[in-house]
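Below you'll find the structure I mean.
Derivation of every value follows stated rules applied to the coordinates shown; laboratory data play no part. Note that the coordinates shown come from a computational prediction; the quantities given were computed from them, not determined experimentally. Backbone-built Cβ (ideal geometry, glycine too); neighbour counts: all protein chains shown.
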């Protein structure tokens with residue numbers, strides 16, 4: 001992905017990935033309450049990885065295999081490499097299937113086991129709120145969000161009125177909103193009870209803006225004809241503009257610090273223990289995978305990536321997106337590196353194909369590499385290329401951010 005790999009010995013790589021392209025989570029009939037026309041039909045049920053999403057993950061796996069062979073992490077012998085590569089996914093179809101497809105490209109022909117809980121059984125590594133892990137204070141979570149927005153969801157809506165007006169145009173064109181339909185600009189913004197992945201949920205246009213924009217983006221990424229993407233009323237630049245509504249939801253509901261603590265402490269702690277295990281060469285309770293592993297793939301959701309970002313205070317972006325993009329198949333990558341001076345350091349970056357590359361089904365290879373965005377970790381990164389942080393400083397950062405009440409000790 002970039003020349004930084006070759007400035008130090010890689011001891012462990014952790015890929016915290018999001019599943020590939022899926023269908024919208026909400027049924028078309030439900031979303032049609034907010035549009036003048038029916039939504040385009042998908043070839044799979046809501047929330048399911050598509051064939052294109054599977055191909056996307058396999059292509060990324062092929063690229064990663066070639067890259068890590070060149071970096072000296074893998075041998076290039078799939079059966080041999082399978083003994084040092086571990087996969088852990090959440091328990092729903094799109095994450096399990098994404099991990100399987102990634103493994104097909106990364107370890108072609110080798111036997112691979114994807115570690116996961118029985119399908120649709122809640123896993124505290126990915127959805128601790130669904131299990132009420134640590135009994136988080138939902139009132140405190142709501143207060144933490146309100147305290148960031150001047151106690152006024154309406155003020156947040158007004159700050160994004162241009163994007164909501166654009167969304168309403170896409171949904172209804174220039175015609176009056178038909179009777180029985182709900183327009184984003186006519187709803188009342190607020191905060192409500194959270195769901196499976198969050199303590200607090202945005203309501204009114206703040207929620208619908210995220211849900212409906214996500215559906216439009218997925219139509220574009222899946223490669224629907226342009227006259228079907230937003231009924232032909234949304235341009236490529238419009239999609240970048242509308243991404244602000246997704247970024248808004250993630251920033252408030254997933255990245256607000258207390259929310260990130262309750263929702264992300266368990267995963268962050270186990271990732272830290274995994275890095276420490278690799279650094280010492282000694283088994284550490286709570287580490288994901290065995291001591292000998294060199295590459296760990298943790299396949300979850302956009303929420304997991306943003307929760308970790310909230311805990312660490314990190315951000316990233318690249319052209320064509322808004323702040324903290326979490327695109328299908330994109331990953332936060334953590335590298336444990338041993339420099340020439342013997343110091344072990346951690347580097348974090350975000351890697352993904354762009355929106356247009358996802359839509360076009362572009363190859364992922366040396367001639368068409370994914371976008372790679374280095375990330376600075378406040379409080380521990382250095383000002384060197386790659387923003388490397390001493391492992392000791394990274395550990396201290398995690399320790400200060402994680403709340404033990406929201407951690408399952410020992411085995412992950």
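Given Cα pairs under 8 Å that are at least 6 residues apart, what percent is the relative contact order of segment 248-399?
On the way: 222 pairs, mean separation 30.2, N = 152.
Contact order relative to length: 20 percent.
So, one more: What's the angle, to the nearest 10 degrees (0 to 90), between helix 51-70's Cα axis and the longest principal axis of the chain?
30
Per-residue ellipticity at 222 nm for the chain, helices alone: DSSP H runs ≥ 4 residues times -39500 (n - 2.57), over residue total, nearest 500 deg cm²/dmol?
Values: 13 runs with 154 residues, N = 412.
It lands at -11500 deg cm²/dmol.
Enter the mean projected area of the convex hull around the alpha-carbon atoms of segment 77-138, in nm², rounded to one decimal.
Working: hull surface 20.0 nm².
Quarter of the Cα hull surface area: 5.0 nm².
For the chain, find the longest principal axis of its Cα atoms and tell me its angle to the long axis of helix 391-401, 0 to 90°, nearest 10.
40
So, one more: Please state the relative contact order of the chain as a whole percent: Cα pairs under 8 Å, 6+ residues apart?
Details: 801 pairs, mean separation 96.4, N = 412.
Result for the chain is 23 percent.
Okay, next question. Using the number of other C-beta atoms within 10 angstrom as an exposure proxy, rank 16, 217 with the fewest first. Don't skip to the answer; put the middle values down first.
On the way: 16 22, 217 25.
Lowest to highest Cβ neighbour count: 16, 217.
Using the Kirkwood radius built from alpha carbon pairs, what does the Stokes-Einstein equation give as D for segment 138-254 at 37 °C and 0.692 mPa s, in µm² per second?
221
Measure out, as a whole number of angstrom, how far apart the alpha-carbon centroids of segment 305-369 and segment 117-141 sit.
Computed from Cα coordinates, the inter-centre distance equals 26 Å.
Given a cut-off of under 8 Å on Cα pairs at least six residues apart, what relative contact order in percent is computed for segment 1-121? Mind showing how you got there, number by number?
On the way: 162 pairs, mean separation 33.0, N = 121.
Computed value for segment 1-121: 27 percent relative contact order.
Cα centroids of segment 193-272 and segment 69-93: how far apart, whole angstrom?
Cα centres, segment 193-272 to segment 69-93: 30 Å.
Same structure again: Starting from the Kirkwood radius over alpha-carbon pairs of the chain, derive D by Stokes-Einstein at 4 °C in a medium of 1.567 mPa s and give it in µm² s⁻¹. It would help to have the intermediate numbers written out before the result.
Details: Rh = 21.8 Å.
In µm²/s, the coefficient is 59.
Same structure, new question: Cα axis of helix 161-172 to longest principal axis of the chain: angle in degrees, 0 to 90, nearest 10?
70
For residue 77 and residue 241 in one chain, what is 0.36 nm times their gap in residues minus the Cα-Cα distance, to one decimal in nm?
54.6 nm
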